[in-house]
1. Restricting the search to region 86-96, which residues are farther than 16 Å from L131 by Cβ and assigned to a helix (DSSP H, G or I)?
2. Within the group Q69, Q83, which residue is part of a helix (DSSP H, G or I), surrounded by fewer than 14 Cβ atoms within 10 Å (Cβ to Cβ) and not charged (D, E, K, R)?
3. Identify, please: which residue in region 87-115 is of a type outside the set (A, V, I, L, M) and within 19 Å of L62 (Cβ to Cβ) and is, among those, surrounded by the fewest Cβ atoms within 10 Å (Cβ to Cβ)?
4. Tell me yes or no: at least one residue of region 42-54 is closer than 15 Å to L90 by Cα, touching a strand residue (DSSP E or B) at 6+ places or on another chain (Cβ under 7 Å) and part of a loop (DSSP other than H, G, I, E, B).
5. Taking the stated definitions as given, is A195 modelled with pLDDT under 95 and either among the β-branched types (V, I, T) or out of contact with any Cys (no Cβ under 7 Å at 6 or more places or on another chain) (or both)?
6. Considering only residues that are buried (at least 18 other Cβ atoms within 10 Å of the Cβ), out of contact with any Leu (no Cβ under 7 Å at 6 or more places or on another chain), in contact (Cβ under 8 Å) with a residue 60 or more places away in the chain and not in a loop (DSSP other than H, G, I, E, B), which ones fall in region 183-212?
7. Checking the condition in contact with an Asp or Glu (Cβ under 8 Å, 6 or more places away or on another chain), in contact (Cβ under 8 Å) with a residue 12 or more places away in the chain and of a type in the set (V, I, T), which residue from V60, V47, V38, V30 passes?
8. Can you find a residue in region 136-146 that is in the same structural domain as L62 (by TED's automatic domain parsing), on the phi > 0 side of the Ramachandran plot and modelled with pLDDT under 95?
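The values are calculated or read from the model by the stated rules, or taken from the named source; none is laboratory data. These numbers were taken from a predicted model, which means no experiment stands behind them. When we count neighbours, we look across all protein chains shown, and the Cβ atoms used for this are built from the backbone with ideal geometry, even at glycine.
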Amino acid sequence: MNVLIQQSEVDPKRISIIGHSEGTIIAPRVAIDNSTKVKNIILMGTVALSTRENTHNLDVTLPSEYATQVLDKNHTGLISIQQIAKDPVLKNYFVPPSVLLTNNIKVITNALVKEFGTNDSISIEKQLNPLLIKGYENLTAFNLLKCNNFEPCPVWLSSAFGLIPTLSIIANVSKSTGILIINGENDSLTPVQQAFLLQQRLTEVNHPDHTLITYPNLGHVFYPSSQWSTGFGPIQQYVLADLYSWLETHSGLSHSYVSTTTTSTMGANTSSLNTNTTSASSASR
């Protein structure tokens, strides 16, 4: 922020911050620390709960519900090793990335047999769920010695676990700061319910300028996705149109005096633009 406001083309009292995913944890904190400078914040793919709750949802709740609702078609409480081996979602939780990269069903099946100790059907409740919980506990023990390409860096993860949830601090954002929240309704990484929680909290504290827009069938990167996994592709044009329209109202984007600075760090994408006016509403698309 200090570097940004030193730029001659930037109005230091009219800055907007866009945060996506992890960036939605950072953006409100920057706004709170710079309340006289940050005019608006835009939160995309919103993280409202603690990192511990989000990690548990992603690594335990989501795959368990997927196994029950999608793979257990006969409602027996059982699924086969072969089902997991061929499934594009569930195998990722139990097979090492190096094995997945082989794309060899036989090799993947052998890895699953080793993991579960059987080549027969397994119980979701008694065998699959305990392994999911064990993986979550190993990850959150922060006992990796160093970062690698396949797991979150333990230094970053332990730091993130120590943060106060955004839901608990969002009320501290200045009431003079406009807030736009947008979320895909099929977001499996940051479920849309978290966006509604933030909206509810802002309503409770009578924040005068907050807007929520949700998008059916879109996932974490605002590309068509199922509710169980993230589809990757370009942000849909109508999402960008909504984003631009809101910024145009709040920031004077159609004016000649507009500059943009973009930074990206660890998946936290933030953009800073000059801003102009405010409006109050709450909506869904």
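1. Listed by number, the list holds a single entry, K86.
2. Result: Q69 is the single residue among Q69, Q83 that is part of a helix (DSSP H, G or I), surrounded by fewer than 14 Cβ atoms within 10 Å (Cβ to Cβ) and not charged (D, E, K, R).
3. Per the criteria, the residue is P88.
4. So far as region 42-54 goes, no, none of its residues is closer than 15 Å to L90 by Cα, touching a strand residue (DSSP E or B) at 6+ places or on another chain (Cβ under 7 Å) and part of a loop (DSSP other than H, G, I, E, B).
5. Spelling it out, it is not the case that A195 is modelled with pLDDT under 95 and either among the β-branched types (V, I, T) or out of contact with any Cys (no Cβ under 7 Å at 6 or more places or on another chain) (or both).
6. N183, L212
7. When all the criteria are applied, what remains is V47.
8. Within region 136-146, one or more residues are in the same structural domain as L62 (by TED's automatic domain parsing), on the phi > 0 side of the Ramachandran plot and modelled with pLDDT under 95.
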